[in-house]
Structure formats: C-alpha cells, structure tokens
Amino acid sequence: MKSYRTNVMLCGGTGCVSNGAFKIKDALERELKKHNLENEVGVIMTGCNGFCAQGPVAVVKPDEIFYQLLKEEDAAHIVEEHFLKGRPVKELLYTPPAEKSPVPKMSDIGFFSKQRLIALRNRGMIDPEQIDEYIGRDGYKALAKVLTSMKSEEVIQEVSDSGLRGRGGAGFPTGRKWESRRKDPRTPKYIVCNADEGDPGAFMDRSIVEADPHSVIEGMIIGAYVVGASKGYVYIRMEYPLAVKRMRLAIEQAREYGLLGEDIFGTGFDFDIDIFQGAGAFVCGETTALVSSIEGRIPEPRQRPPRTTLWGKPVVINNVETWANVPAIINRGAKWFSSIGTETSKGTKVFSLAGDINNAGLVEVPMGITLREIVFDIGGGIPKGMEFKAVQTGGPSGGVIPASQLDLPVDYEQLNAAGSMMGSGGMIIMSRKSCMVDVARYFLEFLNDESCGKCTPCREGSGEMLRILERICQGEGRPEDLDTLEELGEAIREASLCGLGQSLPNPVLSSLEHFRDEYEAHINDKKCPAGVCKALITFTIDKEKCKGCRLCAKNCPQEAISGEAKEPHTIDQDKCIKCGVCLDACKFDAVLVA
Amino acid sequence: MGKIRPEDLEKIRERMARTINMREGDARARVTVHMGTCGIAAGARKIMSTLMDLVEERGIDDVVVTTSGCAGLCSREPMLTVELKGEAPVKYVDMDEDKTKSIFSEHIISGKVVKEYALAIGSERVG
C-alpha cells in the first residue's frame, strides 16, 4: 500500500462538509497533481475534528499544522507553499481570540490540548471509510482478545470494574446492564446502539459515528458475545445521512472481513448488525419508545418495569459513546479507565459546545473537569469578551447552571445535584444576551412539540407550562404564574410515564431557581432585562453617542430609522419590528434597548 | 482479502504501520529536503523522489520525510537535513541521487554520519 510523506487530514464531519470540505479536497488533489505531488502527499477525509467553529479545518501530519476556515481558493497556495516548499501558510493558521500571533501546531492550541480522547481516540487520525486504517490503530484487537481468550463473566467483570456508565444520559452501570441480560434465559437476544440523538445543539453521537464507526461496531460485537446476542441494530436518525452512509459502509467492510456474520474470527460465534433509520422523533431516544419503533409500532414509551424487551426478548441498549468506549477498556484495562474521572463517574465524556461560545465544537474531557475549564480554557470563552450567564447541560430537558456554579466538577451526581443532568452531552452556553424566560419557553416549545401524547401529565402539562411562559414573555404574566409553574413542574416530574416527561420541567424549574428575578421583572415590571422579549422592549438611539453614520438606517429592513448624515438618528416606533439589526450594525453603542 | 483470523490483524497492522506512524509523527528519524526556489532549481525534487522510493522499497515505517524552505545556503543546494531522535541534526549539501542513497543507508538506517557530504552538525540558534 502506498504511503505518503505528508497526510492532509481534512475534516469530513457534517459541519465542514456543509462548508465545502469535499470541494476543498478536489481542489487540493487537483493542485497536488499539477505539482506532481500526488504520490507524496495524500488528502484523507476524516471524521469530525471537533473544532467546528473554525471549519472547514485540516491537520497536516506529521507536522501537526492546523489550518482553519479553508476555502477552495486556498488550495493552490497551500500546495505550493507548504507541500512543495515546506512553509506553512500563516494566513490560514488559527489565532486564539486573546492572542496576536497565530499558533501553527494543533497540540499547542488550548482547544485541543486540554482534551482527553478515549471514545474519539481515532478522530482525525483515520479515514473512517477504510477498515484497515481502524485496524492499523489497534482496531478489532479487543474483539480478538475477547473471542479467543476471555469468558463472558471476565468481560463483564472488566467492564464493571472500569466503572463505565451509560453515556446516553441516565448513567446506568454498563456492566450491570449486560450481566442482567446475560442471565436472562430467553433467546434470541438483541443488541441495540442508540444513535437517535435528538437534542437541539447536540452532535456527539453523529460525530463519533462519522469519525470512527468501527469503534461502535466493535463495542457492539463484544457486547453481543458477552450476553449471547445474535442480532444487532444501529438505530440512527435519517437526518444524519453522512453518519448513516459511513456506518453502512463500515458494516459491509466488517462483514467482508468476517467480523460480522457467521463464525466470526473462526470462533463459531455468529452476530450481525443492521441499520434502522428513525424518522427523527425526539421520543425515540427513550429506550422503550425506541424498541417500539424497531418493532414497527408507534414509538410510544411503555411502563417500566418489566424490563425493556425487543419482540419480547432480552435486549441490551447502549448509546453510541458507551459502545465506542468498550474496545478501549478491553485493550487498556479497567484499572486504566477507572483511574480517569471522579469517585462515581469514570473515564471521559464527549460534549458538544454550542451557543454563545468562541470555540463551538466537539470536545472529549475527563470526568471531573470543571465547567469553567470547559467553557473558558477549551471553549475559549464568550465572543467579544461578554459576560458568561449560564450553561444548559443535558439537552432541552436538562437544566441551567449559573455563573456562580462554574467551578462545579462535571460528573453524573454533581450535575443532578445542581438541578441539571449529564444527559447525552449537549452544552448550550448563554451570555447576557440570552433571556432565561425566553430560553425556557424555547425548550418547552420543543418538548411540547415532541411529547408523544401518550400520558396526560406530559402532553397537557407541557402545553400548560408553555402557555404560561408565552404569556410571561408577552408581558401578560400574572404574579401567581411562578407558583403555578413550580406546582405543575413537580406534578409532571412525578406523574409522567417516561424520561421525556419526567425531565421536561427541568429547564423551567432550574431557571426559576437561579434566575427568578428575570421572571419577576417580566411579570411585575413588564421588562425583559436581556432585551430579548419583543413585547417588552423598545429600541431607541442615544443622541449623544450617535455619529449619524447612517449604518443603522441602511440596514433597517423596515426603513424605520431616519436622520441626516452626521446628525443623530431616530427610530419610528410604529414601523420598528424590534429585529435588532440596528443594534448589531451600530459601531458606537448608540442603539439602546429598554 | 476475505475473512480474517485474529492473527491476520497483526499483518494488517504491519501493512498500515507506515501510514499510521507518519500521521502520529512519532518517528525514529526525520529527513528534511530543503525546497526553496533555489533548492527546487538545483534538483531537490529528484532528491525527494529518491528518498520516497527508498522508503517504499525497503518498507521503512519509522522515518518521516518532509520539506522545508530555503536553508540560507543557496549555493550548496540541494540540501538535506537528517535528524535522528535524540541527536543533533546534520546538514548535507550538494546532494545528488547517489549521495542520497548512501546517506540513507549509512546515516538514516545505520546511524553513522556521512562526514564527507556533511556541512555541519547542529542548527542555527533561533531567537
């Protein structure tokens, strides 16, 4: 096999692909050919590199040079300067927000250096569409070890000792789950990988599948051997076309090598995997609804206990990230894995950073790291140095954590104690620009929409909470509304059938706990302190600060701003739709929101 | 390749070792061909392809071959810098195909500096 002196690891995750990564690949290859470098320099499409905010990105190996914000037109320059003449292109290097000069090496960039990769151990290092590259980095070694030299009990012991807990959010100990299914006498047994990631702003599972599908497959085969399962499903939403494509390809390649199918590795063990594409309903991420969907029925949750089954037979359902951790634990041992993390939460966790944050992207960090380290050291803080207000963890049904708790170590128990949860790992960062009432309203709107409607507390309760929140945002809140929200929240939490309903009041209850003053300002003073809720704000121009540059007037879609050049402008309140365009356009902070 | 056995994994790993090691940058030796305009004009491309062929032919998986700009001594191009892990870099000047081959086997593979082609040992001080 041909090997290159230089490998351009070009990010082929969904984010970079939608910004033209494939076009950049073609352009680079065209230019390499022009300089007769096509046999010396290879362009490899990897999975998500993680630094999505700066995409499309590429890392040049072995020099570790990190290029960002690439465009098709940059290809000629990079090839001639860097790949031919060996001089990295300065203009395309990354400069951290607080610094002046660019940082060429990936390992010197704070975003990367603070991360610890286990589930994402192969991200950016391999072409996920080549099984040999996965094997080249010790892929399927754990499976070979398990099938040829370990008993089921030993594997379970190892996984239990490692302290691995479900990465889908609930944090159930993986070893214990496997043991209960192993002991179940009913057959056949099933393995399911839950890749139905539905949280707004979350893309951990998608990125793992796109970057390293074989790590998930290997984990599933090991799980299947342990419990004695013969059939597996990857339940993945159809909104993830690239992840579906790479998973399908990986399954085919694994079959060709005999790693799936009959007589795996010649050991007599049979197991195969199929992909099941979900239609993108949030509730399908809930275990019992997910199995209903696979069974071909309406995806409604079921009462538990009894334990979840698939066609009445035992099934192990774990999340993408959980499965991806398993081969690493077998290869490096429970002791190693459990040495990372906190007392109750071992290993690492993948988070997606979104919202008001400089380095939006995908990060994997050791459990126990503080929120401050994630938001500031890795995430690079809030754009324009704005003040941090809160972070929503655990997806839409998680909760907000305020600035006063930034030093909270991230693990399952600590997040629960703070009124939020680990969830699958979405983190939405908010600055003073976010209105906490509006944020709660947004999440409730999503959850009300996604509520399957089977049980009354969730169906009706979410609707009622949403109506109250809408009323408050409109400036029509009543003093008793806050008590009603709390009472409703408690009732929904207690009485709902599944996890969706039980966690649904979290965004409201946690923001009420930490930001009650904002709710009260909406209700009592008819004011939105963050300047977000349109019914409660007006835009005016500060005559002292306005230089009459006309920028706001030119940008206003309603032509509501008038005034001569170099004279202070005014906003016609009848025409103003409160879109905030003038606020963003003004360079002199002359637009006031009150 | 059809169905594989556990022992086949090792064969695939060996086959992939060079590709993977090159990306990890964790190599025993690092060879830099100076590719400024002067170097290219003096024939540095030929030196590069000779090195690439040698690496390929002998199945070497722990040597990084890379490029850099002009080293500042344009009259002695093409130039080559060989750096073995833990040792000072050695600069070779006036390179041609045959010299490259002997440096490859003597210095890069066997670890002995080829003094007659070497200009200096070490690098300039930076900063």
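Could you please let me know if A:Asp574 is free of Cβ contacts under 8 Å to residues at least 40 places away in the same chain and open to solvent by 30 Å² or more (accessible area, probe 1.4 Å)? Spell out the reasoning first.
On the way: free of Cβ contacts under 8 Å to residues at least 40 places away in the same chain: yes; open to solvent by 30 Å² or more (accessible area, probe 1.4 Å): yes.
Spelling it out, A:Asp574 is indeed free of Cβ contacts under 8 Å to residues at least 40 places away in the same chain and open to solvent by 30 Å² or more (accessible area, probe 1.4 Å).
Looking at A:Gly228, A:Gly223, A:Gly266, A:Gly261, which one is within 14 Å of chain B (Cβ to nearest Cβ) and either within 26 Å of A:Leu164 (Cβ to Cβ) or modelled with pLDDT of 95 or more (or both)?
Going through A:Gly228, A:Gly223, A:Gly266, A:Gly261 in turn, just one is within 14 Å of chain B (Cβ to nearest Cβ) and either within 26 Å of A:Leu164 (Cβ to Cβ) or modelled with pLDDT of 95 or more (or both): A:Gly261.
Do any strands (runs of 3 or more DSSP E) lying entirely in region A:357-448 carry at least 1 residues that are open to solvent by 10 Å² or more (accessible area, probe 1.4 Å) and either within 25 Å of A:Phe51 (Cβ to Cβ) or touching a Cys at 6+ places or on another chain (Cβ under 7 Å) (or both), and which ones are they? Give the steps one after another, and end with the answer.
Working: elements: A:361-366, A:388-393, A:399-402, A:426-431.
Once the strands (runs of 3 or more DSSP E) in region A:357-448 are filtered for at least 1 residues that are open to solvent by 10 Å² or more (accessible area, probe 1.4 Å) and either within 25 Å of A:Phe51 (Cβ to Cβ) or touching a Cys at 6+ places or on another chain (Cβ under 7 Å) (or both), what remains is A:361-366, A:388-393, A:426-431.
Condition first: open to solvent by less than 10 Å² (accessible area, probe 1.4 Å) and of a type in the set (D, E, K, R). Can you find one or more residues in region A:36-50 that meet it?
no
Would you check if there is a residue in region A:506-523 being at pLDDT below 95, surrounded by 17 or more Cβ atoms within 10 Å (Cβ to Cβ), assigned to a loop (DSSP other than H, G, I, E, B) and out of contact with any His (no Cβ under 6 Å at 6 or more places or on another chain)?
No, every residue in region A:506-523 fails to be at pLDDT below 95, surrounded by 17 or more Cβ atoms within 10 Å (Cβ to Cβ), assigned to a loop (DSSP other than H, G, I, E, B) and out of contact with any His (no Cβ under 6 Å at 6 or more places or on another chain).
In this structure, does A:Ala334 turn out to be touching a helix residue (DSSP H, G or I) at 6+ places or on another chain (Cβ under 7 Å), of a type in the set (A, V, I, L, M) and either modelled with pLDDT under 95 or open to solvent by less than 40 Å² (accessible area, probe 1.4 Å) (or both)? Talk me through it step by step, then tell me what you get.
Working: touching a helix residue (DSSP H, G or I) at 6+ places or on another chain (Cβ under 7 Å): yes; of a type in the set (A, V, I, L, M): yes; either modelled with pLDDT under 95 or open to solvent by less than 40 Å² (accessible area, probe 1.4 Å) (or both): yes.
It is true that A:Ala334 is touching a helix residue (DSSP H, G or I) at 6+ places or on another chain (Cβ under 7 Å), of a type in the set (A, V, I, L, M) and either modelled with pLDDT under 95 or open to solvent by less than 40 Å² (accessible area, probe 1.4 Å) (or both).
Would you check if B:Leu73 is modelled with pLDDT under 90 and either open to solvent by 10 Å² or more (accessible area, probe 1.4 Å) or closer than 30 Å to A:Phe265 by Cα (or both)?
Numbers: modelled with pLDDT under 90: yes; either open to solvent by 10 Å² or more (accessible area, probe 1.4 Å) or closer than 30 Å to A:Phe265 by Cα (or both): yes.
Answer is yes for this residue.
Please determine, by comparing only the residues of region A:53-86 that are in contact with a Cys (Cβ under 9 Å, 6 or more places away or on another chain) and within 11 Å of chain B (Cβ to nearest Cβ), which one is most open to solvent (accessible area, probe 1.4 Å).
Here is the first cut: in region A:53-86, the ones in contact with a Cys (Cβ under 9 Å, 6 or more places away or on another chain) are A:55-59, A:70, A:85.
After this cut, where a residue has to be within 11 Å of chain B (Cβ to nearest Cβ) as well, the list is A:59, A:85.
Numbers: A:Val59: 6, A:Lys85: 25 Å².
Among them, the one singled out is A:Lys85.
Quick one: would you say A:Arg248 is modelled with pLDDT of 95 or more and within 30 Å of the chain's Cα centre (by Cα)?
Values: modelled with pLDDT of 95 or more: yes; within 30 Å of the chain's Cα centre (by Cα): yes.
Here the answer is yes, as A:Arg248 does meet what is asked.
For region A:457-505, how many residues are closer than 29 Å to A:Gly168 by Cβ and either without any contact (Cβ under 8 Å) to a residue 12 or more places away in the chain or in a helix (DSSP H, G or I) (or both)?
Looking only at region A:457-505, we keep the residues that are closer than 29 Å to A:Gly168 by Cβ, and these are A:457-466, A:469, A:485-486, A:488-505.
Checking the rest, the ones that are also either without any contact (Cβ under 8 Å) to a residue 12 or more places away in the chain or in a helix (DSSP H, G or I) (or both) come to A:457-466, A:469, A:485-486, A:488-495, A:499-503.
Residues meeting the conditions: 26.
What residue, among those in region A:244-271 that are in contact with a strand residue (DSSP E or B) (Cβ under 7 Å, 6 or more places away or on another chain) and open to solvent by less than 40 Å² (accessible area, probe 1.4 Å), is nearest to A:Thr148 (Cα to Cα)?
A:Ile264
Among (1) touching a helix residue (DSSP H, G or I) at 6+ places or on another chain (Cβ under 6 Å); (2) without any contact (Cβ under 8 Å) to a residue 60 or more places away in the chain; (3) of a type in the set (S, T, N, Q), which single condition is A:Gln405 missing?
Exception for A:Gln405: condition (1).
Tell me which residues, restricted to region A:559-592, are within 33 Å of the chain's Cα centre (by Cα) and outside any loop (DSSP other than H, G, I, E, B). So that I can check it myself, show each step before the final result.
Step one: filter region A:559-592 for residues within 33 Å of the chain's Cα centre (by Cα), giving A:578-585.
Scanning region A:559-592 gives A:Val581, A:Cys582, A:Leu583, A:Asp584, A:Ala585.
For region B:33-62, give me each residue that is surrounded by fewer than 20 Cβ atoms within 10 Å (Cβ to Cβ), at the interface with chain A (Cβ under 9 Å from one of its Cβ atoms) and not in a helix (DSSP H, G or I).
Of everything in region B:33-62, just one residue is surrounded by fewer than 20 Cβ atoms within 10 Å (Cβ to Cβ), at the interface with chain A (Cβ under 9 Å from one of its Cβ atoms) and not in a helix (DSSP H, G or I), namely B:Asp61.
Just for region A:119-154: of the residues that are within 14 Å of chain B (Cβ to nearest Cβ) and within 21 Å of A:Ala53 (Cα to Cα), which one is surrounded by the fewest Cβ atoms within 10 Å (Cβ to Cβ)?
The qualifying residue surrounded by the fewest Cβ atoms within 10 Å (Cβ to Cβ) is A:Arg121.
Just to confirm my filter: which helices (runs of 4 or more DSSP H) fall fully inside region A:246-343 and include at least 2 residues that are free of Cβ contacts under 8 Å to residues at least 60 places away in the same chain?
Values: elements: A:287-294, A:320-332, A:334-338.
Output list reads A:287-294.
List the pairs whose first member sits in region A:33-59 and is more than 17 Å from A:Met106 (Cβ to Cβ), whose second member is hydroxyl-bearing (Ser, Thr, Tyr) and open to solvent by less than 40 Å² (accessible area, probe 1.4 Å), and whose Cβ atoms are under 6 Å apart, counting only residues at least 6 apart or on separate chains?
From region A:33-59, the pairs are A:Val41/A:Thr6.
Tell me, which residue of region B:8-31 that is within 11 Å of the chain's Cα centre (by Cα) and buried (at least 20 other Cβ atoms within 10 Å of the Cβ) is nearest to the other protein chains (Cβ to nearest Cβ)? Please lay out each step first, then the result.
Restricting attention to region B:8-31, the residues satisfying the condition of being within 11 Å of the chain's Cα centre (by Cα) are B:27-31.
Going one step further and asking which of them are buried (at least 20 other Cβ atoms within 10 Å of the Cβ), we end up with B:27, B:31.
Numbers: B:Ala27: 7, B:Val31: 9 Å.
Going through the qualifying residues, I end up with B:Ala27.
Taking region A:87-118 as the region of interest, how many residues are open to solvent by less than 70 Å² (accessible area, probe 1.4 Å), touching a residue at least 40 places away in the same chain (Cβ under 8 Å) and away from chain B (no Cβ under 14 Å)?
8
The values are calculated or read from the model by the stated rules, or taken from the named source; none is laboratory data. Source: prediction; values computed, not measured. A quick note on method: Cβ atoms are made from the backbone with ideal geometry, for glycine too, and the neighbour counts reach across all protein chains shown. Accessible surface is based on the protein model in full, side chains and every heavy atom, while ligands, DNA and RNA are left aside. Shrake-Rupley method; radii C 1.70, N 1.55, O 1.52, S 1.80 Å.
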